[in-house]
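Chemist: Quick one: the structure is below, questions incoming.
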Amino acid sequence: MRRKFLLLLETGLVLAGLMLGASAWKIHSALVQPLNIAQEELLEVPKGTTPTRTFYRLEADGVIKDAFWLRLYWRFNLSKQPLHSGEYRMLPGMTVEGLIDLWKRGEMVQYSVTLVEGWNFRQVRAALAKEEKLDHTLEGLSDTQVMEKLGHGGIFPEGRFFPDTYRFVRGMTDVELLKIAYDRLNEVLAKEWEQRAPDAPYTEPYQALIMASLVEKETGVPQERGQIAGVFVRRMAMGMLLQTDPTVIYGLGDRYSGKLTRAHLKEPTPYNTYVIAGLPPTPIAMVGREAIHAALNPVAGNSLYFVARGDGSHVFSDDLDAHNSAVREFQLKRRADYRSSPAPATAPDTQDAPAPEAQAPIPAASPDPAPQALPQVPAQEPAPAPVPDAAAPQSPQ
(Lines give C-alpha, C1' and ligand atoms only; values in the text may rest on other atoms or scores of the structure.)
Protein backbone atom coordinates (compact mmCIF):
# COMPACT_ATOMS: atom_id res chain seq x y z
CA MET A 1 0.00 0.00 0.00
CA ARG A 2 2.80 2.27 0.92
CA ARG A 3 4.71 1.47 -2.29
CA LYS A 4 1.61 2.25 -4.36
CA PHE A 5 1.22 5.62 -2.63
CA LEU A 6 4.84 6.53 -3.27
CA LEU A 7 4.50 5.49 -6.90
CA LEU A 8 1.44 7.64 -7.35
CA LEU A 9 3.20 10.56 -5.64
CA GLU A 10 6.23 10.17 -7.86
CA THR A 11 4.05 9.98 -10.95
CA GLY A 12 2.18 13.11 -9.89
CA LEU A 13 5.40 15.00 -9.33
CA VAL A 14 6.69 13.97 -12.73
CA LEU A 15 3.45 15.06 -14.39
CA ALA A 16 3.48 18.34 -12.49
CA GLY A 17 7.05 18.95 -13.58
CA LEU A 18 6.15 18.19 -17.16
CA MET A 19 3.19 20.55 -16.99
CA LEU A 20 5.28 23.29 -15.45
CA GLY A 21 7.93 22.77 -18.07
CA ALA A 22 5.35 22.87 -20.84
CA SER A 23 3.78 26.00 -19.36
CA ALA A 24 7.15 27.69 -19.07
CA TRP A 25 7.90 26.81 -22.69
CA LYS A 26 4.51 28.15 -23.83
CA ILE A 27 4.99 31.38 -21.89
CA HIS A 28 8.51 31.79 -23.25
CA SER A 29 7.29 31.19 -26.79
CA ALA A 30 4.51 33.72 -26.30
CA LEU A 31 6.95 36.33 -25.00
CA VAL A 32 9.56 36.00 -27.75
CA GLN A 33 7.06 35.98 -30.61
CA PRO A 34 7.40 39.02 -32.89
CA LEU A 35 4.44 41.32 -33.28
CA ASN A 36 2.55 40.58 -36.48
CA ILE A 37 2.78 44.07 -37.98
CA ALA A 38 4.32 45.27 -41.23
CA GLN A 39 4.79 48.92 -40.20
CA GLU A 40 4.80 51.10 -37.13
CA GLU A 41 1.49 51.10 -35.28
CA LEU A 42 0.25 52.83 -32.15
CA LEU A 43 -1.39 50.78 -29.42
CA GLU A 44 -3.90 52.83 -27.47
CA VAL A 45 -4.44 51.79 -23.87
CA PRO A 46 -7.51 53.62 -22.53
CA LYS A 47 -7.84 54.48 -18.86
CA GLY A 48 -8.97 51.53 -16.78
CA THR A 49 -7.90 48.91 -19.32
CA THR A 50 -6.23 45.81 -17.83
CA PRO A 51 -3.26 43.90 -19.30
CA THR A 52 -5.53 40.86 -19.78
CA ARG A 53 -8.00 42.85 -21.83
CA THR A 54 -5.16 44.37 -23.86
CA PHE A 55 -3.60 40.97 -24.61
CA TYR A 56 -6.90 39.55 -25.83
CA ARG A 57 -7.55 42.67 -27.93
CA LEU A 58 -4.17 42.30 -29.60
CA GLU A 59 -4.91 38.64 -30.25
CA ALA A 60 -8.29 39.46 -31.76
CA ASP A 61 -6.56 41.98 -34.04
CA GLY A 62 -4.08 39.32 -35.17
CA VAL A 63 -1.08 41.11 -33.72
CA ILE A 64 -0.13 38.36 -31.24
CA LYS A 65 -0.98 34.77 -30.32
CA ASP A 66 -1.31 32.93 -27.02
CA ALA A 67 -2.93 35.75 -25.05
CA PHE A 68 -3.89 33.17 -22.38
CA TRP A 69 -0.24 32.39 -21.58
CA LEU A 70 0.68 36.06 -21.58
CA ARG A 71 -2.12 36.72 -19.10
CA LEU A 72 -0.69 34.03 -16.82
CA TYR A 73 2.79 35.50 -17.15
CA TRP A 74 1.56 38.96 -16.11
CA ARG A 75 -0.51 37.59 -13.23
CA PHE A 76 2.34 35.62 -11.66
CA ASN A 77 5.22 37.97 -12.44
CA LEU A 78 3.86 41.51 -12.77
CA SER A 79 0.68 41.55 -10.73
CA LYS A 80 1.70 44.79 -8.95
CA GLN A 81 2.87 46.49 -12.13
CA PRO A 82 0.36 49.11 -13.32
CA LEU A 83 -0.43 49.45 -17.01
CA HIS A 84 -0.38 53.19 -17.67
CA SER A 85 -2.94 54.53 -20.09
CA GLY A 86 -1.73 56.21 -23.27
CA GLU A 87 -0.29 55.18 -26.60
CA TYR A 88 2.62 52.80 -27.12
CA ARG A 89 4.68 52.62 -30.30
CA MET A 90 4.79 49.11 -31.80
CA LEU A 91 7.55 48.57 -34.37
CA PRO A 92 8.10 45.77 -36.90
CA GLY A 93 10.37 43.14 -35.40
CA MET A 94 9.44 44.03 -31.83
CA THR A 95 8.60 41.05 -29.62
CA VAL A 96 5.80 40.83 -27.10
CA GLU A 97 8.47 40.93 -24.39
CA GLY A 98 9.71 44.22 -25.86
CA LEU A 99 6.19 45.63 -25.80
CA ILE A 100 5.77 44.57 -22.18
CA ASP A 101 9.05 46.34 -21.37
CA LEU A 102 7.51 49.55 -22.75
CA TRP A 103 4.52 49.03 -20.48
CA LYS A 104 6.77 48.43 -17.47
CA ARG A 105 8.75 51.62 -18.14
CA GLY A 106 5.62 53.63 -18.89
CA GLU A 107 7.21 54.69 -22.18
CA MET A 108 4.15 56.19 -23.84
CA VAL A 109 4.09 58.27 -27.00
CA GLN A 110 4.23 61.94 -26.01
CA TYR A 111 2.73 64.97 -27.70
CA SER A 112 3.23 68.64 -26.98
CA VAL A 113 1.28 71.87 -26.98
CA THR A 114 2.80 75.33 -26.67
CA LEU A 115 1.12 78.14 -24.75
CA VAL A 116 2.61 81.42 -25.92
CA GLU A 117 3.54 84.52 -23.94
CA GLY A 118 0.99 87.26 -24.51
CA TRP A 119 -1.93 84.95 -25.25
CA ASN A 120 -5.20 85.55 -23.43
CA PHE A 121 -7.20 82.78 -21.84
CA ARG A 122 -9.53 82.45 -24.80
CA GLN A 123 -6.52 81.67 -26.99
CA VAL A 124 -5.30 79.13 -24.46
CA ARG A 125 -8.63 77.33 -24.54
CA ALA A 126 -8.68 77.42 -28.34
CA ALA A 127 -5.19 75.90 -28.51
CA LEU A 128 -6.12 73.05 -26.17
CA ALA A 129 -9.37 72.41 -28.06
CA LYS A 130 -7.35 71.80 -31.23
CA GLU A 131 -5.25 69.05 -29.65
CA GLU A 132 -6.95 65.84 -30.80
CA LYS A 133 -4.93 63.64 -28.45
CA LEU A 134 -6.19 65.47 -25.36
CA ASP A 135 -9.36 64.32 -23.65
CA HIS A 136 -11.59 67.39 -23.90
CA THR A 137 -13.73 68.04 -20.83
CA LEU A 138 -14.13 71.83 -20.95
CA GLU A 139 -16.28 72.26 -24.03
CA GLY A 140 -19.33 74.39 -23.33
CA LEU A 141 -18.08 75.54 -19.93
CA SER A 142 -17.70 79.19 -19.02
CA ASP A 143 -14.35 80.48 -17.79
CA THR A 144 -15.79 80.56 -14.28
CA GLN A 145 -16.82 76.91 -14.54
CA VAL A 146 -13.38 76.00 -15.90
CA MET A 147 -11.71 77.51 -12.85
CA GLU A 148 -14.12 75.70 -10.57
CA LYS A 149 -13.26 72.44 -12.30
CA LEU A 150 -9.58 73.20 -11.73
CA GLY A 151 -10.30 73.58 -8.04
CA HIS A 152 -9.74 77.35 -8.05
CA GLY A 153 -13.26 78.73 -8.03
CA GLY A 154 -13.52 82.50 -7.65
CA ILE A 155 -10.19 83.16 -9.34
CA PHE A 156 -10.21 85.04 -12.65
CA PRO A 157 -8.27 82.93 -15.21
CA GLU A 158 -6.48 85.62 -17.17
CA GLY A 159 -2.72 85.51 -16.66
CA ARG A 160 -2.94 82.57 -14.24
CA PHE A 161 -1.22 80.04 -16.50
CA PHE A 162 2.45 79.85 -17.40
CA PRO A 163 3.37 79.98 -21.09
CA ASP A 164 5.54 77.02 -22.00
CA THR A 165 5.64 73.85 -24.08
CA TYR A 166 3.81 71.08 -22.24
CA ARG A 167 4.09 67.38 -23.03
CA PHE A 168 1.17 65.03 -22.62
CA VAL A 169 0.08 61.52 -23.52
CA ARG A 170 -3.10 60.44 -25.23
CA GLY A 171 -5.97 60.37 -22.79
CA MET A 172 -4.66 63.18 -20.60
CA THR A 173 -7.42 65.73 -20.01
CA ASP A 174 -7.31 69.42 -20.79
CA VAL A 175 -8.00 70.02 -17.09
CA GLU A 176 -4.90 68.08 -16.09
CA LEU A 177 -2.74 70.11 -18.45
CA LEU A 178 -4.21 73.41 -17.24
CA LYS A 179 -3.50 72.40 -13.64
CA ILE A 180 0.14 71.89 -14.52
CA ALA A 181 0.32 75.31 -16.22
CA TYR A 182 -1.50 76.95 -13.28
CA ASP A 183 0.85 75.45 -10.70
CA ARG A 184 3.85 76.34 -12.84
CA LEU A 185 2.83 80.01 -12.93
CA ASN A 186 2.44 80.11 -9.15
CA GLU A 187 5.84 78.48 -8.72
CA VAL A 188 7.61 80.95 -11.03
CA LEU A 189 5.81 83.95 -9.54
CA ALA A 190 6.69 82.88 -5.98
CA LYS A 191 10.39 82.46 -6.83
CA GLU A 192 10.58 85.81 -8.61
CA TRP A 193 8.70 87.49 -5.75
CA GLU A 194 11.37 86.28 -3.32
CA GLN A 195 14.05 87.88 -5.51
CA ARG A 196 12.26 91.19 -6.12
CA ALA A 197 14.01 94.51 -5.81
CA PRO A 198 13.82 96.00 -2.30
CA ASP A 199 11.96 99.04 -3.60
CA ALA A 200 9.52 97.13 -5.83
CA PRO A 201 6.23 99.00 -5.25
CA TYR A 202 3.89 96.03 -4.80
CA THR A 203 2.14 94.77 -1.71
CA GLU A 204 1.37 91.34 -3.17
CA PRO A 205 2.54 89.12 -6.04
CA TYR A 206 -0.74 89.53 -7.96
CA GLN A 207 0.00 93.23 -8.52
CA ALA A 208 3.36 92.27 -10.03
CA LEU A 209 1.59 89.73 -12.25
CA ILE A 210 -0.73 92.45 -13.56
CA MET A 211 2.23 94.74 -14.26
CA ALA A 212 4.08 91.87 -15.96
CA SER A 213 1.15 91.38 -18.34
CA LEU A 214 1.37 95.02 -19.41
CA VAL A 215 5.10 94.64 -20.00
CA GLU A 216 4.52 91.39 -21.91
CA LYS A 217 2.03 93.00 -24.29
CA GLU A 218 4.15 96.11 -24.81
CA THR A 219 7.40 94.55 -25.97
CA GLY A 220 9.06 91.31 -26.91
CA VAL A 221 12.54 92.88 -26.89
CA PRO A 222 14.28 91.34 -23.84
CA GLN A 223 16.40 94.34 -22.90
CA GLU A 224 13.37 96.66 -22.93
CA ARG A 225 11.18 94.83 -20.45
CA GLY A 226 12.83 96.31 -17.37
CA GLN A 227 12.82 99.79 -18.93
CA ILE A 228 9.11 99.64 -19.69
CA ALA A 229 8.37 98.39 -16.18
CA GLY A 230 10.41 101.33 -14.90
CA VAL A 231 8.35 103.79 -16.94
CA PHE A 232 5.09 102.37 -15.61
CA VAL A 233 6.30 102.35 -12.00
CA ARG A 234 7.50 105.96 -12.19
CA ARG A 235 4.24 107.04 -13.82
CA MET A 236 2.19 105.57 -11.00
CA ALA A 237 4.47 107.07 -8.37
CA MET A 238 3.93 110.51 -9.93
CA GLY A 239 0.20 110.04 -10.38
CA MET A 240 0.39 109.76 -14.16
CA LEU A 241 -1.95 107.52 -16.07
CA LEU A 242 -0.29 104.44 -17.56
CA GLN A 243 -1.90 104.98 -20.97
CA THR A 244 -1.03 101.63 -22.47
CA ASP A 245 -3.02 100.59 -25.54
CA PRO A 246 -3.14 96.82 -24.83
CA THR A 247 -5.30 97.48 -21.76
CA VAL A 248 -7.75 99.46 -23.89
CA ILE A 249 -7.90 96.65 -26.44
CA TYR A 250 -8.47 94.10 -23.70
CA GLY A 251 -11.29 96.15 -22.20
CA LEU A 252 -13.03 96.43 -25.57
CA GLY A 253 -13.29 92.66 -25.77
CA ASP A 254 -15.01 91.35 -28.90
CA ARG A 255 -15.73 94.89 -30.02
CA TYR A 256 -12.10 95.45 -30.97
CA SER A 257 -11.76 94.97 -34.72
CA GLY A 258 -8.12 95.90 -35.24
CA LYS A 259 -8.43 99.68 -35.18
CA LEU A 260 -7.95 101.69 -32.01
CA THR A 261 -9.64 105.08 -32.17
CA ARG A 262 -9.64 108.22 -30.05
CA ALA A 263 -13.15 107.30 -28.92
CA HIS A 264 -11.84 103.97 -27.64
CA LEU A 265 -9.17 105.71 -25.59
CA LYS A 266 -11.83 107.85 -23.93
CA GLU A 267 -14.28 105.01 -23.29
CA PRO A 268 -14.49 104.22 -19.56
CA THR A 269 -13.87 100.49 -19.08
CA PRO A 270 -12.26 98.91 -15.99
CA TYR A 271 -9.18 98.25 -18.13
CA ASN A 272 -8.77 101.57 -19.97
CA THR A 273 -5.56 103.00 -18.48
CA TYR A 274 -6.18 106.22 -20.37
CA VAL A 275 -9.13 106.68 -17.97
CA ILE A 276 -8.41 104.70 -14.81
CA ALA A 277 -5.53 105.46 -12.46
CA GLY A 278 -2.94 102.80 -11.71
CA LEU A 279 -3.13 99.16 -12.68
CA PRO A 280 -6.12 97.44 -14.31
CA PRO A 281 -8.01 95.00 -12.07
CA THR A 282 -6.48 91.82 -13.53
CA PRO A 283 -3.71 90.70 -15.87
CA ILE A 284 -4.51 91.02 -19.56
CA ALA A 285 -2.41 88.11 -20.87
CA MET A 286 -0.14 85.22 -20.00
CA VAL A 287 3.36 86.28 -18.99
CA GLY A 288 6.77 84.65 -19.17
CA ARG A 289 9.38 84.59 -16.43
CA GLU A 290 11.26 87.49 -18.05
CA ALA A 291 8.25 89.81 -17.88
CA ILE A 292 7.62 88.85 -14.24
CA HIS A 293 11.26 89.50 -13.40
CA ALA A 294 11.12 92.88 -15.14
CA ALA A 295 7.97 93.90 -13.27
CA LEU A 296 9.60 93.00 -9.95
CA ASN A 297 12.93 94.59 -10.88
CA PRO A 298 12.07 97.74 -12.85
CA VAL A 299 15.04 99.57 -14.31
CA ALA A 300 15.77 102.85 -12.56
CA GLY A 301 15.91 106.04 -14.61
CA ASN A 302 14.03 109.18 -15.52
CA SER A 303 12.10 108.15 -18.63
CA LEU A 304 8.34 108.60 -18.44
CA TYR A 305 7.43 107.98 -22.07
CA PHE A 306 8.17 105.52 -24.85
CA VAL A 307 7.11 105.22 -28.45
CA ALA A 308 7.48 102.37 -30.93
CA ARG A 309 10.18 102.81 -33.55
CA GLY A 310 8.40 100.50 -35.96
CA ASP A 311 10.90 97.64 -35.81
CA GLY A 312 9.60 96.22 -32.54
CA SER A 313 11.77 98.36 -30.29
CA HIS A 314 11.00 101.67 -28.57
CA VAL A 315 12.42 105.14 -28.00
CA PHE A 316 12.36 106.23 -24.34
CA SER A 317 12.03 109.87 -23.35
CA ASP A 318 12.38 111.74 -20.06
CA ASP A 319 10.05 114.62 -20.86
CA LEU A 320 7.06 115.42 -23.02
CA ASP A 321 8.97 117.57 -25.51
CA ALA A 322 11.44 114.77 -26.29
CA HIS A 323 8.59 112.29 -26.47
CA ASN A 324 6.59 114.43 -28.91
CA SER A 325 9.69 114.73 -31.06
CA ALA A 326 10.00 110.95 -31.14
CA VAL A 327 6.30 110.68 -31.95
CA ARG A 328 6.73 112.97 -34.94
CA GLU A 329 9.70 110.95 -36.17
CA PHE A 330 8.38 107.41 -35.70
CA GLN A 331 4.60 107.67 -35.56
CA LEU A 332 3.58 110.38 -37.99
CA LYS A 333 5.88 109.01 -40.70
CA ARG A 334 5.29 105.33 -40.29
CA ARG A 335 7.20 102.92 -42.51
CA ALA A 336 5.28 100.41 -44.61
CA ASP A 337 6.34 97.47 -42.42
CA TYR A 338 5.68 99.34 -39.18
CA ARG A 339 4.89 97.30 -36.09
CA SER A 340 4.87 98.32 -32.45
CA SER A 341 6.30 95.03 -31.24
CA PRO A 342 8.17 92.04 -32.70
CA ALA A 343 6.10 89.77 -34.91
CA PRO A 344 3.80 87.84 -32.54
CA ALA A 345 3.77 84.06 -32.24
CA THR A 346 1.02 82.40 -34.22
CA ALA A 347 -2.19 82.15 -32.25
CA PRO A 348 -5.08 79.73 -32.80
CA ASP A 349 -6.93 80.65 -35.99
CA THR A 350 -10.18 81.36 -34.18
CA GLN A 351 -8.47 84.08 -32.19
CA ASP A 352 -6.60 85.92 -34.92
CA ALA A 353 -7.43 89.58 -35.44
CA PRO A 354 -6.07 92.15 -37.90
CA ALA A 355 -3.27 94.41 -36.73
CA PRO A 356 -4.21 97.93 -35.63
CA GLU A 357 -4.25 100.41 -38.47
CA ALA A 358 -1.87 103.36 -38.58
CA GLN A 359 -3.28 106.50 -37.03
CA ALA A 360 -2.20 109.87 -35.74
CA PRO A 361 -0.70 109.59 -32.23
CA ILE A 362 -2.52 110.87 -29.19
CA PRO A 363 -0.35 112.96 -26.82
CA ALA A 364 0.48 111.45 -23.45
CA ALA A 365 -1.07 112.93 -20.36
CA SER A 366 0.84 115.23 -18.07
CA PRO A 367 1.15 114.27 -14.39
CA ASP A 368 -2.07 114.54 -12.38
CA PRO A 369 -2.16 117.23 -9.70
CA ALA A 370 -2.05 114.77 -6.80
CA PRO A 371 0.37 111.80 -6.97
CA GLN A 372 -1.18 108.45 -6.13
CA ALA A 373 0.41 105.40 -4.52
CA LEU A 374 0.29 102.02 -6.18
CA PRO A 375 -3.35 100.88 -5.94
CA GLN A 376 -4.38 97.88 -3.94
CA VAL A 377 -5.50 95.26 -6.44
CA PRO A 378 -7.58 92.35 -5.12
CA ALA A 379 -5.69 89.12 -5.72
CA GLN A 380 -8.75 87.34 -7.04
CA GLU A 381 -10.94 90.10 -8.40
CA PRO A 382 -13.15 88.96 -11.29
CA ALA A 383 -13.02 91.07 -14.41
CA PRO A 384 -16.25 92.68 -15.55
CA ALA A 385 -15.12 92.93 -19.17
CA PRO A 386 -15.11 90.06 -21.69
CA VAL A 387 -11.86 88.51 -22.84
CA PRO A 388 -10.78 89.99 -26.18
CA ASP A 389 -9.51 88.41 -29.34
CA ALA A 390 -5.79 88.45 -30.02
CA ALA A 391 -4.37 91.63 -31.43
CA ALA A 392 -0.96 93.07 -32.10
CA PRO A 393 -0.18 95.46 -29.22
CA GLN A 394 0.53 99.14 -29.70
CA SER A 395 2.85 101.20 -27.54
CA PRO A 396 1.36 103.92 -25.32
CA GLN A 397 2.06 107.45 -26.25
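The values are calculated or read from the model by the stated rules, or taken from the named source; none is laboratory data. Keep in mind the model is a prediction, meaning the values are calculated, not measured. All Cβ positions, even for glycine, are placed from backbone atoms using ideal geometry, and neighbour counts span all protein chains on display.
Chemist: Looking at the stretch 302-312, which of its residues are closer than 18 Å to residue 218 by Cα and either modelled with pLDDT of 80 or more or outside any loop (DSSP other than H, G, I, E, B) (or both)?
Modeler: Passing the criteria: 303, 304, 305, 306, 307, 308, 311.
Chemist: What are the pairs with Cβ atoms under 7 angstrom where one residue, in the stretch 252-265, is farther than 20 Å from residue 280 by Cα and the other, located anywhere, is part of a helix (DSSP H, G or I) and among the polar types (S, T, N, Q)? Sequence gap at least six, or different chains.
Modeler: Short answer, once both residue conditions are applied: none.
Chemist: Okay, next question. Filter the stretch 266-292 down to the residues that are out of contact with any Asp or Glu (no Cβ under 8 Å at 6 or more places or on another chain) and among the hydrophobic types (A, V, I, L, M, F, W, C) and list them by number.
Modeler: Hits for the stretch 266-292 are 276, 279.
Chemist: Right, another one. Identify all residues within the stretch 122-147 that are more than 17 Å from the chain's Cα centre (by Cα) and either closer than 29 Å to residue 45 by Cβ or assigned to a helix (DSSP H, G or I) (or both); write none if there are none.
Modeler: Result: 139, 140, 141, 144, 145.
Chemist: Across the stretch 93-124, which residue is surrounded by the fewest Cβ atoms within 10 Å (Cβ to Cβ) among those that are out of contact with any Pro (no Cβ under 9 Å at 6 or more places or on another chain) and basic (Lys, Arg)?
Modeler: 105
Chemist: Take the residues of the stretch 39-74 that are polar (S, T, N, Q) and in contact (Cβ under 8 Å) with a residue 24 or more places away in the chain: which is farthest from residue 103 (Cα to Cα)?
Modeler: Among those that are polar (S, T, N, Q) and in contact (Cβ under 8 Å) with a residue 24 or more places away in the chain, it is 39.
Chemist: Further question: Contact list please: Cβ distance under 7 Å, first residue in the stretch 111-130 and without any contact (Cβ under 8 Å) to a residue 40 or more places away in the chain and in the same structural domain as residue 166 (by TED's automatic domain parsing), second residue surrounded by fewer than 21 Cβ atoms within 10 Å (Cβ to Cβ) and not in a loop (DSSP other than H, G, I, E, B), pairs at least six apart or on different chains.
Modeler: Short answer, once both residue conditions are applied: none.
Chemist: Determine which member of the set 77, 36 is over 25 Å from residue 133 (Cβ atoms) and either in contact (Cβ under 8 Å) with a residue 24 or more places away in the chain or touching a helix residue (DSSP H, G or I) at 6+ places or on another chain (Cβ under 7 Å) (or both).
Modeler: Result of the check over 77, 36: 36.
Chemist: Do we have any residue at all in the stretch 148-167 that's outside any loop (DSSP other than H, G, I, E, B), surrounded by 18 or more Cβ atoms within 10 Å (Cβ to Cβ), β-branched (Val, Ile, Thr) and at negative phi?
Modeler: no
Chemist: Could you tell me whether residue 139 is among the acidic types (Asp, Glu) and touching a strand residue (DSSP E or B) at 6+ places or on another chain (Cβ under 9 Å)?
Modeler: So residue 139 does not fit the description; no.
Chemist: Being crowded, with 21+ Cβ neighbours inside 10 Å and among the β-branched types (Val, Ile, Thr), is that true of even one residue in the stretch 198-209?
Modeler: no
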